[in-house]
1. Filter segment 264-287 for residues that are among the aliphatic types (A, V, I, L, M) and closer than 14 Å to Arg313 by Cβ and give the result.
2. If you take just the helices (runs of 4 or more DSSP H) that sit entirely in segment 306-378, which of them hold at least 3 residues that are farther than 18 Å from Ala238 by Cβ and of a type outside the set (A, V, I, L, M)?
3. Test Thr176 against the criterion of being among the β-branched types (Val, Ile, Thr), open to solvent by 30 Å² or more (accessible area, probe 1.4 Å) and either closer than 14 Å to Pro214 by Cβ or part of a strand (DSSP E or B) (or both), and give yes or no.
4. Go through segment 209-263 residue by residue and tally those that are in contact with a Cys (Cβ under 8 Å, 6 or more places away or on another chain) and among the small types (Gly, Ala, Ser).
5. Among the numbered criteria (1) surrounded by fewer than 20 Cβ atoms within 10 Å (Cβ to Cβ); (2) within 30 Å of Leu302 (Cα to Cα); (3) under 19 Å from the mean Cα position of the chain (by Cα), which one does Leu229 miss?
6. Which one of the conditions (1) under 29 Å from Ser370 (Cβ atoms); (2) over 22 Å from the mean Cα position of the chain (by Cα); (3) buried (at least 21 other Cβ atoms within 10 Å of the Cβ); (4) not acidic (Asp, Glu) does Pro128 fail to meet, given that it meets all the rest?
7. Could you list all residues from segment 307-318 that are within 17 Å of the chain's Cα centre (by Cα) and either without any contact (Cβ under 8 Å) to a residue 24 or more places away in the chain or open to solvent by less than 30 Å² (accessible area, probe 1.4 Å) (or both)?
Amino acid sequence: MTDLQMSLIGIAGVFVAGVFTYNKIQEYKAKKSVERAFSTDHDDVLMRTGDAPPSSTARHEPSFSLDSAAPGLAGGEASAAASALGAVASEFETDPTAPPAAPRVNAVTPAAEQATALVDPLIDCLLPLALEGAARGDKLLPVLQTLRMVGNKPVHYIGLAVSGDWEPIVHGGVYTKLQGGVQLASRSTALNELEYSELVTRLRAMADEIGAEPEIPDMIEVMAEARNLHRFVAGHDAQLGVNLQTNGAPWAISTLLGALEKQGFDVRPDGRYVMPDGEGGHLFSLSTNVTLAEETTPRLTLLLDVPCVAPSRDGFGAMVACAKSLVGRLDATIVDDYNQPLSDAALAEIAGQVQDFYAEMNDADIPAGSTRALRLFS
């Protein structure tokens, strides 16, 4: 056998070995890609006991039973119950020779509260992002800003700081893990398959940019959770109105402004009249029931967005008190949608229904007026 033949045989062997090695590498990459795309056995970062954000526990979805609608409450026919979040752990000294130790309560820092409000296990699909190493907020934020909305659903992020606390990602912070969350439902729609597919595609591209590995929840499970949550939102989307009907001639819009301002109403840039709550929000709004081109109106409507006002503010009581005050100023009668006068007894009955509604929302762990409720009913 000549030297040339030996050389050719050696070259062929090296070529075959190279092809074999290349195929193995590609096979490994494909396997990891499939496992990443279809794995459903996740260990959510927010759920781990060792490094979980304060007050996070296993996720429990609201359950539903359809009942007859309560009179006077639009969309109040569904009731819900959900397990409460945030069990507090206690530890006791077991050494019989040592004095009993006092229970230890885990303190919840303001940063941790903000983190839970941004990425909420009850209303968000959790998206853990494992970083290759510690990363600064200055470098993370510009990339994360590229994925803030999917459809009309907001996407938020929090980070596990080197201090050991979960917090909103800020400039100057250093983070060892990230957690994303996309809101499962809003007042209008639930997260759908098209939005979720877009989210996964954009999330993978963003994760590659920051050197992170995302855990993608199973689409079928996420869609079921989104529809379940949206049923709760739709069943508790209650707008409660009280009308004022003129007892004489229609009111001139120009003269109404003075009366409404004396009553404490603010005029918003969009033309709405709202009663401020003293903290930047509002208790209820007022509509003139006519277009901006009209000069008069015979009817005003006070409207309370029930799930968006905390029970402690007594939005319905404040709205009724305002209506009664305007009755004297404007010579009007409080009526229902069919122009029938509303007696004090009828108003008291509706007030009781409002309290029942608040109790349902509390049972579902979505208290009216809370950050969670304001996010869902936006």
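1. Selection gives Val274, Met275, Leu283.
2. 315-330
3. The answer is yes for Thr176.
4. Number satisfying all stated conditions: 1.
5. If we test Leu229 against (1) surrounded by fewer than 20 Cβ atoms within 10 Å (Cβ to Cβ); (2) within 30 Å of Leu302 (Cα to Cα); (3) under 19 Å from the mean Cα position of the chain (by Cα), just (1) comes out false.
6. (2)
7. The answer is Pro307, Val309, Ala310.
Per-residue answers, yes or no, for (1) closer than 30 Å to Asp336 by Cα; (2) among the aliphatic types (A, V, I, L, M); (3) modelled with pLDDT under 95:
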{"position": "Ala224", "(1), (2), (3)": "no, yes, no"}
{"position": "Arg231", "(1), (2), (3)": "yes, no, no"}
{"position": "Leu244", "(1), (2), (3)": "yes, yes, no"}
{"position": "Ile253", "(1), (2), (3)": "yes, yes, yes"}
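The values are calculated or read from the model by the stated rules, or taken from the named source; none is laboratory data. Everything numeric in this text was worked out from a predicted model, so none of it was measured. Cβ: placed from backbone, ideal geometry, glycine included. Neighbour counts: every protein chain shown. The area values use the complete protein model at the heavy-atom level, side chains included, leaving out ligands, DNA and RNA. Shrake-Rupley method; radii C 1.70, N 1.55, O 1.52, S 1.80 Å.
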